[in-house]
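What follows is a set of notes on a single structure, which appears directly below.
The values are calculated or read from the model by the stated rules, or taken from the named source; none is laboratory data. Here the structure is a predicted model, which means the values were calculated and not measured. When we count neighbours, we look across all protein chains shown, and the Cβ atoms used for this are built from the backbone with ideal geometry, even at glycine. Heavy atoms of the whole protein, side chains included, go into the accessibility calculation; ligands, DNA and RNA do not. Shrake-Rupley method; radii C 1.70, N 1.55, O 1.52, S 1.80 Å.
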Amino acid sequence: MGEPADLTTLEPDADAGSHTEAPAGNRKRSGHVPVLVAEVLEGLAVKPGGYYLDATVGGGGHAAAILEAAAPAGQLLGLDRDPEAAARAAMHLKPFEERAQVLPMSYVHLTAALQRSGFPLLDGILFDLGFSSWQVDDPTRGFAFRADGPLDMRFDPTGDDTPASVLVNQLSEAELADLLRRYGEEPRSRRIAQAIVAARPIRSTGHLAEVIETAVGRTRAERLHPATRTFQALRIAVNHELEGLAAALPQAVAALRSGGRLAVITFHSLEDRVVKQFLKQEERGCICPPKAPVCTCGRTPTLQIITRKPIVPSAEEIAVNPRSRSAKLRVAERI
């Protein structure tokens, strides 16, 4: 499993899901570095005049690199479910003028976003999953416990998602343990859930982290804070991340022209498993039972996998940007 980021030690300009990038002109000044940027450009086979979608535009770093490679006429649509991130990306991509559009929409609504933007079939789509340093560094968002804040964790605070405080304070002990095990792969889920229920009401991110550390302890040898996997699990559950990804990937395939590329960067094993299984299924096509004598489903392959093994950051990139260490890039091409 790609280790969850330690939410007590994240640095403001490091990458936590790679939505921390600044546009190309600002990269050196800001310290923001897009994850696997050269590999993304190669994987997408970016060409001048192409049409591209950055489904998780964040700070706009990958989007700017794609627009530069697609110059002079290439166009890009960026999506982000976080309204603040979308506004920030729109500002950062302003130098590209009409070649860049940004919409405050989730990739769950990918098809609708493309219809709204008027884009034709696409030459490439990028999903850069995870969360951003801007989100982590704002205590009011509740993603981390380095600074105390409300238990929120919603990517879109204006939407209908249930904040983490409701899950923490209202789920049963069994439901909490299941959530932590399923979305955080937390081996101490039952003990942590028991401690949370006993300590209710949990008032803040710092309070939750303290309850967990008291319950399971922490040795000096442990690099990650014992609350890290719990925070990951809550964030994934609050934002329905795995379900949203599973809903968006088929839309992405349908939006690609023949020869168009799909590139997905994941940061932990749960989302990488969703992507890996989806790509294999679309390459295989048929979904009939293995023992069926003949195919009756009528499904045909839609993708050819380009990366048989995921691309990971080099040692040099990890040294510059430690948060890139868990990144995995998978690429497939539309048949």
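Charge tally around Ile306: other residues with Cβ under 9 Å, Lys/Arg +1 each, Asp/Glu -1 each, net +2.
Charges were assigned to the Cβ only: +1 to each Lys and Arg, -1 to each Asp and Glu. The resulting dipole of the chain about its Cα centre is roughly 860 debye. Other residues lying with their Cβ under 10 Å from the Cβ of Gly149 contribute a combined charge of -1, Lys and Arg counting +1, Asp and Glu -1.
Karplus-based coupling profile of the stretch 264-273, in residue order and whole Hz: 10, 9, 10, 10, 8, 5, 5, 6, 5, 5, with θ = phi - 60° in 6.51 cos²θ - 1.76 cosθ + 1.60 and x standing for Gly or Pro. For the chain, the 222 nm mean residue ellipticity estimated from helices alone, with every DSSP H stretch of n ≥ 4 adding -39500 (n - 2.57) and the total spread over all residues, rounds to -11500 deg cm²/dmol.
For the chain, with all protein chains in place and a probe radius of 1.4 Å, 54% of the accessible heavy-atom surface sits on carbon or sulfur. For the stretch 219-335, the Cα gyration tensor yields ellipsoid semi-axes of 32, 18, 14 Å (square root of five times each eigenvalue, largest first, whole Å). Between Leu122 and Leu256, Arg257, the built amide H atoms are under 5 Å apart, and every one of these is 5 or more places off in sequence or on another chain.
Find the accessible area per residue for the chain; the probe is 1.4 Å, ligands and nucleic acids are left out, and the unit is Å².
So the chain comes to 44 Å² accessible per residue, rounded to a whole number.
Using θ = phi - 60° in the Karplus curve 6.51 cos²θ - 1.76 cosθ + 1.60, the 3J(HN,Hα) couplings for the stretch 39-53 round to 5, 5, 4, 5, x, 7, 6, 4, 9, x, x, x, 10, 9, 10 Hz; x is entered for Gly and Pro.
How tilted is helix 83-92 with respect to the longest principal axis of the chain? Cα atoms for both, answer in degrees (0 to 90, nearest 10). Once rounded, the angle reads 50 degrees. Database remark: amide H of Val102 closer than 5 angstrom to the amide H of Gly78 (H placed geometrically; neighbours at sequence offset of 5 or more, or on other chains; Pro and chain starts carry no H). Local charge for Gly118 was computed over the other residues whose Cβ lies under 14 Å away, with Lys and Arg +1 and Asp and Glu -1, and equals +1. For the chain, the equivalent ellipsoid derived from the Cα gyration tensor has semi-axes of 33, 25, 18 Å, listed largest first. Ranked by solvent-accessible area (1.4 Å probe, protein heavy atoms only, all chains present), the residues Val294, Val136 order from largest to smallest as Val294, Val136.
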